[in-house]
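What follows is a short report on a single structure.
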Amino acid sequence: MFTKHDLLVDWSYPVLTVFIAWALATFLRFMEEHKLRMEIKKQFEHYLAPAMVKKLQKNPELLKLGGDTRELTLLFCDIRGFTPISEQFKTNPQGLTKLINRFLTPMTDLIMSRDGTIDKYMGDCIMAFWNAPVNVKGHEMKAVESALGMVNRLKELNDELESEGLMPIKIGIGINTGEVVVGNMGSNNRFDYSILGDAANLASRLEGQSKGYGVTIILGEETADAVQHELFSVELDSIAVKGKKDAVRIFTVLGNNDWVFHNTSWYFNQQQHDKFLVLYRQQSWESAELFANDLKASWPEMAGYYDVMIDRINEYIENPPGDDWDGVYRAETK
C-alpha cells in the first residue's frame, strides 16, 4: 500500500485497541462468573454436600426447574415428644432455638461428612438423601452409618443436657431406598433442590413408625438388603403403612461388625427371633409370647420392640385377626 498508494498505516493502535477491549470483556466475564459462583456457594454451602455445591458452581444451568428419575437412599429424622421439651422454654423461645441448633448442627455434620445432601429442615425434623446430584457409591451404607452415628452423637448431647438440668432428646429415624424424581421443584421465581416419589413418602412413614416399634431406626427392605453383609439388621415386621395397601418388610439395625464382636449372643438371639416371627405369623400366640418374653430378657437392645409385640399379641388373643390374616400389620397412624 505504501509503494503503490503512498499510504503508511501504523497497525499498533487498532491492534492495541482490540486487545484492550478483548481483555476488558474477558475480565468482566470472569468477574461475573466468579460472582455467580460465590453467590451459589453462599446460598447452598450450608444445605448441600460440598460435591453438590461444586457441581452447581461449574454448571449453574442446573439451577432450573425439572428433575431426573434415579435411585436414592432417603433419611428422615425427627425428635420424639417435642411438646414437653418445648414447654421447658415457655418464657425463653431463644433457648429453644439454641437447643434445636445444638441438635441439628452435629446431625447435619454427620450426614454431610458421609456425602449426604440435606433436603430441608422441618422444625425439629431433618430430611436428607444420598446419590444425588452426584453418584455416591454405597449410598445405602453411608445413610445407615450416618443414622448410627447420629444415635451415638445424641448420647453425648443428652449427657450435656442432663448436666444442665434439661430433658434428654429422643429421636426416630426412617431410611428407605428407591427411585424418586430429584431436581429443582417450585416456581420459576423460587425453587428448592428436592425430591418427589413414593420411596420418599415411605421413608417418612417408617420414621413415624419407629416409636410404635420401640426402636430408634427403621429400614426399608431394599436398604436392609444392601447393608446386611456389613451391618447387623433385624427384621421387625411386615407392615402396610397408613395410606398404602401394599405391605413392606421393615428392619432395624443394631450396629456394625464391632457391635457383633462385642455382643457374642447375637447369633442365638437372631435364631430365636426368626422363630418368634414364624410363630407370630402362624398365629401361635402363646408360643410367640413365650419367645418374646425370653428374648426381651436376653436382648436388652430390643426390649422395647418385644414389649410392643407382646401387647399386640395379647390384643390378637382377645380379638383374633381371622384365618385369612396374611401376617401384615396395617398401621392406623403415621
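Numerical summary
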| read-out | value |
| --- | --- |
| Net lengthening on full extension, residue 94/residue 311 (0.36 nm per residue, minus Cα-Cα) | 74.1 nm |
| Unsatisfied cross-links (Cα-Cα over 29 Å) in the set 170/275; 35/142; 120/334; 155/211 | 170/275; 35/142 |
| For the chain, built as a Gaussian network whose Cα springs stay under 10 Å, the top-fluctuating residue of 35, 54, 142 | 35 |
| GNM top mover of 305, 193, 267 - the chain, alpha-carbon springs below 10 Å | 267 |
| Surrounding net charge for residue 305, when Lys and Arg each add one and Asp and Glu each subtract one, Cβ distance under 13 Å | -2 |
| Cleavage-rule hits, GluC sites (Glu not before Pro), the range 260-334, DSSP coil, Cβ neighbours within 10 Å at most 14 | 332 |
| Within the chain, helix-based [θ] at 222 nm, where runs of 4 or more DSSP H residues each add -39,500 (n - 2.57), nearest 500 | -16500 deg cm²/dmol |
| Theoretical gain in end-to-end length, residue 28 to residue 151 [0.36 nm per residue, Cα-Cα removed] | 39.3 nm |
| Nearest-0.05 FRET efficiency for residue 256 and residue 162, computed from C-beta distance (R0 41 Å) | 0.95 |
| Spatial separation of Cα centroids for the range 91-113 and the range 149-214, in angstrom | 13 |
| For residue 281, net neighbour charge (Lys/Arg +1, Asp/Glu -1) across residues whose Cβ lies under 12 Å away | -2 |
| For residue 130, net neighbour charge (Lys/Arg +1, Asp/Glu -1) across residues whose Cβ lies under 14 Å away | -3 |
| Separation of the residue 225 and residue 284 label points, Cα + 7 Å toward Cβ, nm | 2.8 |
| Degrees, to the nearest 10: 93-113 long Cα axis against longest axis of the chain | 80 |
| Mean Cα-pair separation over length for the range 223-279, i.e. relative contact order, pairs under 8 Å, 6 or more apart, % | 31 |
| Which labelled figure in (i) 223; (ii) 149; (iii) 160 is volume of the Cα convex hull per residue in Å³, once derived from the coordinates | (i) |
| Simple label model, 7 Å out from Cα along Cβ direction - residue 70 to residue 179, nm | 1.5 |
| Inter-label distance for residue 134 and residue 82, nm, one decimal - labels placed 7 Å from Cα along Cα-to-Cβ | 3.2 |
| Residue of 59, 184, 176 that the Gaussian network model of the chain assigns the largest fluctuation, springs spanning Cα pairs under 10 Å | 59 |
| With Cα atoms, 0 to 90° folded angle of helix 12-44 axis to the chain main axis | 10 |
| For the range 218-334, share of DSSP beta bridges that run antiparallel, in % to the nearest 5 | 75 |
| Whole-number percent relative contact order across the chain, with pairs defined as alpha carbons under 8 Å at least 6 apart | 15 |
| Charge dipole magnitude, Cβ of K and R +1, D and E -1 - the range 109-268, Cα centre, debye nearest 20 | 440 |
| Solvent exposure of the range 274-334 as accessible area per residue, Å², 1.4 Å probe | 58 |
| Selection from 130, 320, 199 lying farthest towards where the dipole of the chain points positive, charges on Cβ | 130 |
| Potential lengthening between residue 11 and residue 170 on full extension [0.36 nm per residue; Cα-Cα distance subtracted] | 49.5 nm |
| Sequence-separation-based contact order of the range 145-219, relative, with Cα cut under 8 Å and 6+ spacing, percent | 31 |
| Nearest-10 value in Å² for the accessible area of residue 139, using the 1.4 Å probe | 10 |
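The values are calculated or read from the model by the stated rules, or taken from the named source; none is laboratory data. This one's a predicted model, so the numbers in the text were calculated from it and none came from an experiment. Here Cβ is always computed from backbone atoms with ideal geometry, including for glycine, and neighbour counts include all displayed protein chains. Calculation scope for accessible area: heavy atoms of the full protein, side chains included, ligands and nucleic acids excluded. Shrake-Rupley method; radii C 1.70, N 1.55, O 1.52, S 1.80 Å.
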